[in-house]
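> A single structure is presented below for examination.
Values in this text are rule-based calculations from the coordinates and carry no lab data. Note that the coordinates shown come from a computational prediction; the quantities given were computed from them, not determined experimentally. Cβ coordinates were reconstructed from backbone atoms using ideal geometry, including for glycine residues, and neighbour counts include every protein chain displayed.
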């Protein structure tokens, strides 16, 4: 169903959704880039990092400027939307650090509604959805085989279950991983090939960690990668913005939620 009146949530403020003009998705990437661009070159830097990245640095990266879009035959990769990053509610991660050292606080919670809207639109468009979470099964790896260098703690019984706001439906797939990337050591690539997937729509956390690792590996495997800005988050805004900026220029098209919803509605 079309998502009429969908709203865009950014930093606790609600913006009216303005639909984009476009045509039905074409089978050719060349036709797609000409006929269904999300953002033209003059809006390439119209993202959350504008208040952080200097004009001089933007100029250094100007050779990456291009039209951006959602690629053909996409799947959604929902990275690490598990309970532990929502612990403590919509408060500053700095306030939550002592009691909930893995929480992303209000950065996680402000991404909930955009993420729910995107998952709903993907299902309506029959776009496959792959969630991933940490593999916490017993005897599953040698010591120090971890996703990051962060000090490890014994997980709670439901720390790594998918957060209740994002109901996993029967047709969805949950990948349990041991490393940062959703691809590393998992059957994901085989699943994507089986389904004829050519492009990825990525969201989740952490922007600087498992999202980035998954984006780089997806791009390296030959997929067109899009990252949804309002559905992606980290524990600190500095690392979030810098990593979005870098991925956008080198590996992925960072898009706004309203752009992706409009694409899915027209699919």
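> Tell me, 104, 48, 231 in order of fewest to most beta-carbon neighbours within 10 Å?
On the way: 104 26, 48 18, 231 29.
Lowest count first: 48, 104, 231.
> Another one. Can you pull the one-decimal nm distance between simple spin-label points at residue 158 and residue 126, each 7 Å off the Cα toward Cβ?
3.4
> Which residues does a label at residue 171 reach in region 44-85, if reach means a backbone N under 17 Å from a point 7 Å past the Cα toward the Cβ?
Only 73-78 fall inside the zone, counting backbone N under 17 Å.
> Can you sort 214, 54, 92, 73 from fewest to most other Cβ atoms within 10 Å of each residue's own Cβ?
Numbers: 214 26, 54 8, 92 12, 73 16.
Going from sparsest to densest Cβ surroundings: 54, 92, 73, 214.
> So how much slack lies between residue 64 and residue 267, counting 0.36 nm per residue of separation and subtracting their Cα-Cα distance, in nm? If you can, show how the numbers build up before the last one.
Working: separation 203, 0.36 × 203 = 73.08 nm, distance 2.75 nm.
Gain on extension, residue 64 to residue 267, equals 70.3 nm.
> Taking the Cβ of each residue in 86, 61 as the centre, tally the other Cβ atoms inside 10 Å and list the residues starting with the fewest.
So the residues, fewest neighbours to most, are 61, 86.
> Given 0.36 nm per residue, what is the gain on full extension from residue 56 to residue 178 after removing their alpha carbon distance, in nm?
Numbers: separation 122, 0.36 × 122 = 43.92 nm, distance 3.89 nm.
Fully extending the segment from residue 56 to residue 178 adds 40.0 nm.
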